[in-house]
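What follows is calculated from the coordinates using simple rules that are stated; it is not laboratory data. Computed from a predicted structure; not experimentally measured. Every residue, glycine among them, receives a Cβ derived from its backbone with ideal geometry; neighbour counts consider all protein chains shown.
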Amino acid sequence: MTPPGVLIPSSKMSRGAMNRFSLKSKGSLKMPVPLSLAAICSALLLTALSGAYAVQVTYQVNMAAQIALGNFHPGADSVFVSGDFSNPSWISGSGAAPYTLSPAPGNTNLYSGTFSVVNPAGTYENHKFVINTGNSFISLNWEQVTGGGNRYFVVGTSNLTLAAVNFSDVPMPQALSFAAGADFSLLAFFENLGVVYADAGQVQDGLAILKHHGLSCARLRLFTSSAAQAQADPYDYTNNLAYTLPLAVRVKNAGLQFMLDFHYSDTWADPAHQAIPAAWTNLTFTQLVQQMRSYNSNCIASFKAAGAMPDFVQVGNEITAGMLWPYGQVGTTTNSTQWSQLAQLMNAAIQGISDASGATPPKIVVHIDRGGDWGGTQWFFDNLVQQGVSFDIIGESYYPFWHGPLTNLAQCLTNAARRYGKPVFIAETAFPWTNSYMATNIVGIAPSAQGQVQYVVALAQVIKNVPAQLGAGVFYWGAEYQTVAHVNEAGFNTTSFFDTAGNLLPVADALGQLAAPLTLSAGLNGSSLNLNWPLSGAGASVMTTTSLAPLAVWAPLTNAVQTNGTVFQLSVPRDADSARFYRLRSD
């Protein structure tokens, strides 16, 4: 029987079943070109004449990424190879024990084993690596090879050592500098209406206020709207290139990073709205793909020429149901053509961004609205990766009044990091500082200025505990909103960074602390020693020892940790009889 995910190039197709903690990577896997019938017959005849011959093949898999992501625990778990090289083939129970791989001497992340291959010379051998959780042969995690299908090679007549591969083709995760960001897309819109932004009663530039309070990045959306549309309805259409470009220059001049959020629509794009731009409605699909490449390239070239090159680029906004409907719409049908078309549109956009970026392209973010829904996240990204869309960061919207408890967010971000091996952003979030229609179902925290701070502290505990330090950023949506007449702000004027008088709220300091350098400071308080560290250390533990010798044992402190919203604090009794040392350990 062919196990889940197995693909036999000559005849059988894959069932495509996914294991919950199997990972996939970007790219695509091309099917091998079939050997000629004459070549196969010649090889089979040679085998028949010379007698049965089983070559010895050495299989190698690097488990470093799986160890870092918490999917593989050396000693407690094992890894074996399964395929059609054995008889019976595709062993998955206890009979697979003889095919268990061993750590290589000098490189405990590399597992290898040498086995006989029964396939005749000149034919394809198919195999996959399998994590045997707990060494029980009950919970098995089959790897997901890039592009689907199996690993394979053509069997020869001599022994062979296969090149080492990463399990599920996932390389060692690379952590990014943490982005503490705010969406400030309507800053110029509000300023044009006479709104001011103040810090401690002093009117200042809004972007300078963000920088002063530790935020590191500003997010700006980009519409395809015309000048006429923007003039007729500024709130819903103003964010076109003519508006956004000078605002992006201000972002860079303020010393902030810049995340560009392409909507690929004349107005707001979200899971329920992905309207194709009015100027593109007469294009065929082929022309639309070409338009995506040229449009993205031209926009990036404009930002680059202005000295406002984005650091991150979102290829679409909340594209859970696709983009540029109906061509790139997904989820309404099981038709694989729709996923293929969405992938073509996204790949064209990414290529256009690359065309104009030069040697230092921005990180590509794929943004959906499923921060509290792991099932929906897995459905979307499994399909996207299967289509070979290349991206750098997973972005999730999470609003506590819409997307459920924080435990759902933690599960979603953790599982996404483990499955795809990529950094994750909370690309949009917000919390009310006063009573509003959003003041229900908000994770047990009261809507208030202090409630906003408590919410950010709770987010810090989630994002900073994503495995392998892949929790890479939090972006607060509508941070620039203030109440103005005759504009329907959908309640986000009650969740922003500023109160009704335009004064900065404490939430900005809390969010800025998520990007603060991770340092441990100490101060005496009578007979106690107070240890302090910023919110950026939400995933860290305080360790202590009495010796700095190379083999000294560091033990974690179990004292209760407090927070005032910007720092964590732990108090320990002062030890007057011996020296004691403390440090932070990032988990």
(Q) Among the listed pairs 252/422; 211/252; 304/363; 363/422, which have their C-alpha atoms separated by more than 22 angstrom in this model? (A) 252/422
Q: Run the quick spin-label model on residue 56 and residue 158: label points 7 Å from Cα toward the beta carbon, then report their separation in nm to one decimal.
A: 1.5
Q | Gap separating the Cα centres of region 195-257 and region 469-516, nearest whole Å | A | 13
Q.
At most 16 other C-beta atoms within 10 Å and a DSSP loop state: those are the exposed trypsin sites (Lys or Arg not before Pro) I care about. Give me the longest piece of the chain that has none.
A. 31-573
Q.
At a threshold of 8 angstrom on Cα-Cα distance, excluding pairs fewer than six apart, so keeping six or more, what relative contact order does region 37-169 reach in percent?
A. 35
Q: Would you calculate the separation in nanometres between label points at residue 196 and residue 242, each defined as 7 Å from the Cα along the Cα-to-beta-carbon direction?
A: 3.0
Q: Just name one of 57, 459, 248: the one whose Cα is farthest towards the positive end of the charge dipole of the chain (beta-carbon charges, Lys/Arg +1, Asp/Glu -1).
A: 57
Q.
Please compute the modelled spin-label separation between residue 490 and residue 282, points set 7 Å along Cα→Cβ, answer in nm with one decimal.
A. 3.2
Q. Say R0 is 30 Å: what FRET efficiency, to the nearest 0.05, do residue 528 and residue 584 get from their beta-carbon distance?
A. 0.95
Q: Taking the chain as the reference, fit the longest principal axis to its C-alpha atoms, fit the long axis of helix 449-463 to the helix C-alpha atoms, and give the angle between the two in degrees, 0 to 90, nearest 10.
A: 20
Q | Spatially proximal aspartates and glutamates relative to residue 464 (Cα-Cα < 13 Å; intrachain offsets below 8 disregarded) | A | 587
Q: Please report the relative contact order for the chain, taking Cα pairs under 8 Å with a sequence separation of at least 6, and give it as a percent rounded to a whole number.
A: 13
**Q.** FRET efficiency estimate (nearest 0.05) - Cβ-Cβ, residue 205 to residue 302, R0 22 angstrom
**A.** 0.45
Q) Between residue 273 and residue 355, what is the FRET efficiency for a Förster distance of 25 Å, r being their Cβ-Cβ separation, to the nearest 0.05? A) 0.30
Q. For the chain, with only Lys/Arg (+1) and Asp/Glu (-1) charged at the beta-carbon, what is the dipole magnitude about the Cα centre, in debye rounded to 20?
A. 1380
Q. Antiparallel as a % of all DSSP beta bridges within the chain, to the nearest 5?
A. 60
